[in-house]
Amino acid sequence: MDETLSQSEIDALINHLHNEESVSELIKDDKQSVAKKYNFRRPNKFTKDQLRTLYMINENFSRIISNYLSGYLRSSINIKIASVEQVTYEEFLVSIFSPTLLTVFQMPPLEGSAVLETSHNFTSPAVDLLFGGSGKSTNKVRELTEIEVRVLKKLIKNLLDNMALAWSDVFKFNITIESTESNPQYNQIISPNETVAIITFTAEIGKTQSIINICLPHATLKEAIPNLTAQNWFASQQGGDISQVRTVENRLGKVSLDLTACCGETQLTIHEFLQLEEGDVVLLDTVVGGDMQLLIEDQPKFSFQPGVVGEQLAAMITGKI
């Protein structure tokens, strides 16, 4: 049997392969052009940078209240930030177990309200410590009594005042408690579809693990949101505002630095060094055509290639060390 293909069969095979490649390219392009899904009921109003700044602010806040609670309750209290995310207010309410203690507070001059949620595993040992106990949590989940709520209200007010302290470098506000509630479904401070930032903390009181949530609606933080940038946060931590940081940067930009082009290195004994004369050749640890080191204030920072610009020697940066 003759296995040699005729010219017509070769052309047909090439056309077939070409058509398959064209189809695969079309499929690939089609997959790349598929539109991303967007949930209009859950729009992302906080940027990643703003969420990172919220995380840094509340990481500082967690350290502050850890020290405060340890002194106030006279027990070892450990508070750590767990996460910062944006969800709808309805999703936040659904995630809460009832009964719990929801404290609605305002942050003037910011308009609107926010919520601090402290679970049973936090309030139960806290109440026990405040009443002179050892800080044990009761296994039975029940509604808080009026006396317990009144005692906890003072504790929570102090927590929120410390929250204002943690925010003071970014945005200054005061704290006023509006109301307390135990049933999440009765706490409708904003529309269920509104976007909120949920800051979650883990709290450890003795051997009891618990969760603390702070719900900050986007509408409430609207005036403070322009300040929620990492640049603003770091500037505040350095004790100055953005303009001061830029002034320092501009002044530092005018400081002169010594640059040294190092062609290579070698080691010589004192005897060899003393024997050097004009015309002697010293072998270096670099190769012809290889990159050399550019030293800034005697510290190697860049690799470079030597050259000339006009009649002057020059160094072309090829990489960073």
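May I ask you to list pairs of residues, at least six apart or on different chains, whose Cβ atoms are under 7 Å apart, with the first in region 62-75 being outside any loop (DSSP other than H, G, I, E, B) and the second being open to solvent by 10 Å² or more (accessible area, probe 1.4 Å) and hydroxyl-bearing (Ser, Thr, Tyr)?
Ser70/Ser76
Looking at region 96-103, is at least one residue under 22 Å from Glu204 (Cα atoms), open to solvent by less than 60 Å² (accessible area, probe 1.4 Å), in a helix (DSSP H, G or I) and in contact (Cβ under 8 Å) with a residue 24 or more places away in the chain? If you could, list the steps in order and put the result at the bottom.
Going through region 96-103, the residues under 22 Å from Glu204 (Cα atoms) turn out to be 96-103.
From what's left, open to solvent by less than 60 Å² (accessible area, probe 1.4 Å): 96, 99-103.
Subsequent filtering for residues that are in a helix (DSSP H, G or I) retains none.
No, every residue in region 96-103 fails to be under 22 Å from Glu204 (Cα atoms), open to solvent by less than 60 Å² (accessible area, probe 1.4 Å), in a helix (DSSP H, G or I) and in contact (Cβ under 8 Å) with a residue 24 or more places away in the chain.
Would you confirm whether any residue within region 78-86 is open to solvent by 10 Å² or more (accessible area, probe 1.4 Å) and not in a strand (DSSP E or B)?
Initially, region 78-86 is screened for residues open to solvent by 10 Å² or more (accessible area, probe 1.4 Å), giving 78, 80-86.
When the remaining residues are screened for being not in a strand (DSSP E or B), the result is none.
For region 78-86, residues open to solvent by 10 Å² or more (accessible area, probe 1.4 Å) and not in a strand (DSSP E or B): absent.
Just to check your reading of the model, which residue among Thr176, Thr202, Thr195 is of a type in the set (Ser, Thr, Tyr), at pLDDT 90 or above and open to solvent by less than 20 Å² (accessible area, probe 1.4 Å)?
Working: Thr176 fails: open to solvent by less than 20 Å² (accessible area, probe 1.4 Å); Thr202 fails: open to solvent by less than 20 Å² (accessible area, probe 1.4 Å).
Answer to the selection: Thr195.
What do you reckon, is Gln305 surrounded by 10 or more Cβ atoms within 10 Å (Cβ to Cβ) and among the polar types (S, T, N, Q)?
yes
Each row is one residue, and each column tells you yes or no for (1) more than 14 Å from Cys262 (Cα to Cα); (2) surrounded by 12 or more Cβ atoms within 10 Å (Cβ to Cβ).
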{"site": "Gln275", "(1), (2)": "yes, no"}
{"site": "Asp280", "(1), (2)": "yes, no"}
{"site": "Asp285", "(1), (2)": "no, no"}
{"site": "Leu294", "(1), (2)": "no, yes"}
{"site": "Glu297", "(1), (2)": "no, no"}
{"site": "Lys301", "(1), (2)": "no, yes"}
{"site": "Gly310", "(1), (2)": "yes, no"}
{"site": "Leu313", "(1), (2)": "no, no"}
{"site": "Lys320", "(1), (2)": "yes, no"}
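How many residues are open to solvent by 60 Å² or more (accessible area, probe 1.4 Å) and among the hydrophobic types (A, V, I, L, M, F, W, C) when one looks only at region 130-164?
Looking only at that region, the number is 3.
The values are calculated or read from the model by the stated rules, or taken from the named source; none is laboratory data. Quick caveat, the model's predicted, so the values are computed rather than measured. Cβ atoms come from the backbone with ideal geometry, glycine included; neighbour counts cover every protein chain shown. With ligands, DNA and RNA removed, areas are computed over all heavy atoms of the protein, side chains included. Shrake-Rupley method; radii C 1.70, N 1.55, O 1.52, S 1.80 Å.
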